[in-house]
Each structure stands twice: as C-alpha cells, then as structure tokens.
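The values are calculated or read from the model by the stated rules, or taken from the named source; none is laboratory data. Nothing here was measured: the structure is a model prediction, and the numbers come from that model. Cβ placement follows ideal geometry from the backbone for every residue including glycine, while neighbour counts extend to all protein chains displayed.
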Amino acid sequence: MPGLRSLVVAALLALGLALHPTLAAACTLTELPGVYERDFAKADLVFTGTVLSVESAASAREPVSASMLRWTFAVDGVEKGFVNPKQEVRSSESGSACGYPFEVGQRYRVFATVQDGHTARAGTDTGVQHLSPLPPSILVPGIPILVIAMLAAAALVSMRAFRR
C-alpha cells in the first residue's frame, strides 16, 4: 500500500517537527525594506545619528531575550517623531531575527518602531541606511556666541571712546 506508507512518513515528519524544541522562526519579510517613502510611512521614529555604544538589553527589571542589544546613538538629525539627543534603540544581534549589525562609530538613518509606548526597535525589517560620517565642523560649539559677545564689547568700548 504505497498511499499508506506516504501517509505514515508524512505523519512521522510532522510529529518530528512538532516535537523538536530548538526550532525557531526566522525573520520573515513580506516587503523588503530600502524604499525611503515606504519605510518612513511605517516608522514611528526616523533619525540620523552615530552609534556611541552597545550593551545587552536584558536587565533585572526588564528581562528580554539575551540576543537583544541596546544601541545608543548620538542623534544629528530628526526626520519623524520625538527623538532624544542620545537615543536608545533595540535590535537583535541576529539577522535571522531581523536584527541589524550596527557598528560603533558608524552613522545611520534609522527607521524605528515604538513598542510599549517607549522602547524604540529597529532592524532589517524596519529599515536602516548606512550613511557617510558628517564632515568635521569648522565652528566649535560656543564660538559664535563668544565672537558676538566680543564684538558687542568692542562696539561699546569704541562708542564710549568717541563720546569723549
């Protein structure tokens, strides 16, 4: 009975798959990210910034998967949503779990979703663009204010000198 043999083999395969404890679902993308307009529309937050640090996202008060990482970005531009100057984003360290391999010191455009009202998550499924670094700034922060203050002081001194 060839039909019965096929049925038994199929049942054994199904039973083996159902009882196998180490199977995990891989990242499945119904749409590939990479189209700015589509990724922007789906994201809660869109920003550009440089990765400052990475650490495990698991903590005593908020246990999460050991493979979840917390990336901290120095934000240099906001395109959508409320983003902190130093924004934390969670991403799995595994690409098969939709994680993104950010690198410390590198600059990215991040399309993130917000979970639980406050946790930003990004990965290959939300959209990430690797960007070139910003050019070094010619002006050091605070210098324009100092120059203006010095010009104002010089103008005040010269006005008093001409009055005499």
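Among the criteria (1) free of Cβ contacts under 8 Å to residues at least 40 places away in the same chain; (2) under 20 Å from E55 (Cβ atoms); (3) surrounded by 15 or more Cβ atoms within 10 Å (Cβ to Cβ), the one C98 does not fulfil is (1).
Considering only residues in the range 22-51 that are hydrophobic (A, V, I, L, M, F, W, C) and either surrounded by 13 or more Cβ atoms within 10 Å (Cβ to Cβ) or in contact with a Lys or Arg (Cβ under 6 Å, 6 or more places away or on another chain) (or both), the one that is modelled with the lowest pLDDT turns out to be C27.
Applying the criterion of being out of contact with any helix residue (DSSP H, G or I) (no Cβ under 8 Å at 6 or more places or on another chain) and β-branched (V, I, T) to the residues of the range 92-114, the residue that is farthest from T124 (Cα to Cα) is V104. The single condition among (1) of a type in the set (S, T, Y); (2) surrounded by fewer than 21 Cβ atoms within 10 Å (Cβ to Cβ); (3) free of Cβ contacts under 8 Å to residues at least 60 places away in the same chain; (4) closer than 21 Å to V35 by Cβ that T124 does not satisfy is (3). Highlighted here are the strands (runs of 3 or more DSSP E) found entirely within the range 52-127 that include at least 3 residues which are modelled with pLDDT of 90 or more and of a type in the set (A, V, I, L, M, F, W, C): 68-80, 107-115.
Looking at the range 141-161, is at least one residue in a strand (DSSP E or B) and either of a type in the set (A, V, I, L, M, F, W, C) or at pLDDT below 95 (or both)? Checked the range 141-161: no residue is in a strand (DSSP E or B) and either of a type in the set (A, V, I, L, M, F, W, C) or at pLDDT below 95 (or both).
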